[in-house]
1. Among the residues of region 89-104, how many are part of a strand (DSSP E or B) and either of a type in the set (A, V, I, L, M, F, W, C) or in contact with a Lys or Arg (Cβ under 7 Å, 6 or more places away or on another chain) (or both)?
2. Output the number of the condition that N66 fails; it satisfies all remaining conditions of (1) buried (at least 21 other Cβ atoms within 10 Å of the Cβ); (2) of a type in the set (S, T, N, Q); (3) within 19 Å of Y139 (Cβ to Cβ).
3. Within the bounds of region 181-197, is there any residue that is surrounded by fewer than 15 Cβ atoms within 10 Å (Cβ to Cβ), more than 18 Å from the chain's Cα centre (by Cα) and part of a strand (DSSP E or B)?
4. In region 105-115, is there at least one residue being outside any loop (DSSP other than H, G, I, E, B), closer than 30 Å to S220 by Cα and either in contact with a Ser or Thr (Cβ under 6 Å, 6 or more places away or on another chain) or hydrophobic (A, V, I, L, M, F, W, C) (or both)?
Amino acid sequence: MVEKKVDPYMIDVVALNQMKNDMSLASSGLICPKRNKSISKPCKVCDYIQSQVWAKQYPEKHPARNWAAQKGAKATFFLNVVFPEKPTEVKVLEMGSKAGSQIFDGVNNLGWTDITHPKKNMGREMMVTKGKKDGYPFYTISPDLNKADWEVKKPTLASAFNLTNIISMIQDEELTEENHLKVSTMKDGETLRFRILPHWDDGAGNTNFMTVAWRHWGVSQAQIDGDEGLNWQKVELSPDDNVKAPFDATTKPEEVKDSVPDKAETKPKDKRPRCFGNATYYDPEDKDCTPVNCAFVDECLAKIGG
């Protein structure tokens, strides 16, 4: 029987999905010791959210659910990439879970198995565009339909970062402006083109071209370790919250009603962006999250505990 030759630069769909499963079993935010499988230690923030929020089955728009969504661990994806303008300079590209999921879906459902191939006329350039969706920042990722007309050289491939160590890289502040780029720093409407490098060599047979880190935002290390308590009821509600406070753990869903302000007290509608107060969308390096482009940054930070 003739053994089928496998091109090592084509993406192994089975291996990719195993990585996705590992991630699901298992920002600068604080590393979550529970969701990151390489650590697999208790996280008191995750435990509190599970037992005191999700287990209580609060209704939609309840302050407890909003609080949990802000404080819960969030996934961020990391890849080795090079840009057409500097094809020999490897950078770590960081993107949120929705953008990273588009790559998973593309490989699985749209045949993007050649997007990490480094050879000329074999691999492809990728494009990421920053825009808005339902008022929130949204990143669209897709490959160029034409094969790349340039090659990523072997010395460049050899200089790829060992992203198996991404957690220690984050904690040791090894990601700098020189070697690291977050898509959240893009301008609205901007498009970046890049080549994704194939799997890096970690000395242990790594086959992944992308990795993930789970981090918490708006909490302290002491709260993660259990040395400081948590209480979602201390959250300060903004005028945009359309549920009444305070609530306690005994509040029943049928007791929760939308707050309807008296007409005489109705204030003119402000121009807060829809991402206001949502830690999922706050990024200190995002140009949209600076006082120059958003007049509500200080209020937003106060709400999410930044």
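Here, each number is a calculation from the coordinates, and none is a lab measurement. All values reported here derive from a predicted model rather than from experimental measurement. Cβ: placed from backbone, ideal geometry, glycine included. Neighbour counts: every protein chain shown.
1. In the first step, residues of region 89-104 are kept if they are part of a strand (DSSP E or B); the result is 89-96.
Adding the requirement that they be either of a type in the set (A, V, I, L, M, F, W, C) or in contact with a Lys or Arg (Cβ under 7 Å, 6 or more places away or on another chain) (or both) leaves 90, 92-95.
Qualifying residue count for the region: 5.
2. Among (1) buried (at least 21 other Cβ atoms within 10 Å of the Cβ); (2) of a type in the set (S, T, N, Q); (3) within 19 Å of Y139 (Cβ to Cβ), the lone unmet condition for N66 is (3).
3. Filtering region 181-197 for residues surrounded by fewer than 15 Cβ atoms within 10 Å (Cβ to Cβ) gives 187-191, 193.
Applying the additional criterion that residues be more than 18 Å from the chain's Cα centre (by Cα) yields 189-191, 193.
Then keep just the ones that are part of a strand (DSSP E or B); that gives 191, 193.
Yes: region 181-197 contains one or more residues that are surrounded by fewer than 15 Cβ atoms within 10 Å (Cβ to Cβ), more than 18 Å from the chain's Cα centre (by Cα) and part of a strand (DSSP E or B).
4. Step one: filter region 105-115 for residues outside any loop (DSSP other than H, G, I, E, B), giving 105-109.
Those left that are additionally closer than 30 Å to S220 by Cα: none.
No: zero hits.
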